[in-house]
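**Q** The structure under discussion is supplied below as structure tokens; questions concerning it will follow.
The values are calculated or read from the model by the stated rules, or taken from the named source; none is laboratory data. Quantities reported herein were computed from a predicted structural model and do not represent experimental measurements. When we count neighbours, we look across all protein chains shown, and the Cβ atoms used for this are built from the backbone with ideal geometry, even at glycine. Protein only, heavy atoms only, side chains kept; ligands, DNA and RNA dropped before computing areas. Shrake-Rupley method; radii C 1.70, N 1.55, O 1.52, S 1.80 Å.
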Amino acid sequence: QQEHYSIRGKEGIELTNVAGELKAAQFCFDKAIEYGYKKLIMYYDYVGIENWATNKWSAKNIHTKNYKNYYDNNIKNKLKVEFVKVKSHSKLLFNDTADYLAKKAIQNI
């Protein structure tokens, strides 16, 4: 199961935090569904988390395309996601924890 959230390959290395944050978002979506939630408030500091999911940005590489496809096919019809942007590097405990975990995810390459 953890393998599903790890980043592999050259593009994952080049995207570093972005790829890790996309996988972290997927993990949150999956856990919300697993626990039976109908709504998730997704706090994020990187705008791609929302913009690729809501079609504001076009997915152009393998990681962003996978994230977009995963959201479209597995999340958007099962879970109402409210996206809330927070300022990055602002000493918010859970945001700092999420950044730490995103960086850790890409270290499994």
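**Q** When you scan the range 15-44, how many residues do you find that are of a type in the set (D, E) and surrounded by fewer than 16 Cβ atoms within 10 Å (Cβ to Cβ)?
**A** 1
**Q** Is it the case that K60 is charged (D, E, K, R), open to solvent by 60 Å² or more (accessible area, probe 1.4 Å) and in contact with a Leu (Cβ under 8 Å, 6 or more places away or on another chain)? Outline the logic, then answer.
**A** Working: charged (D, E, K, R): yes; open to solvent by 60 Å² or more (accessible area, probe 1.4 Å): yes; in contact with a Leu (Cβ under 8 Å, 6 or more places away or on another chain): no.
In short, no.
**Q** If you don't mind, another one. Considering each residue of the range 67-101, count those that are within 16 Å of L22 (Cβ to Cβ), without any contact (Cβ under 8 Å) to a residue 40 or more places away in the chain and either charged (D, E, K, R) or surrounded by 14 or more Cβ atoms within 10 Å (Cβ to Cβ) (or both), and give that number.
**A** Residues in the range 67-101 being within 16 Å of L22 (Cβ to Cβ), without any contact (Cβ under 8 Å) to a residue 40 or more places away in the chain and either charged (D, E, K, R) or surrounded by 14 or more Cβ atoms within 10 Å (Cβ to Cβ) (or both): 3 in total.
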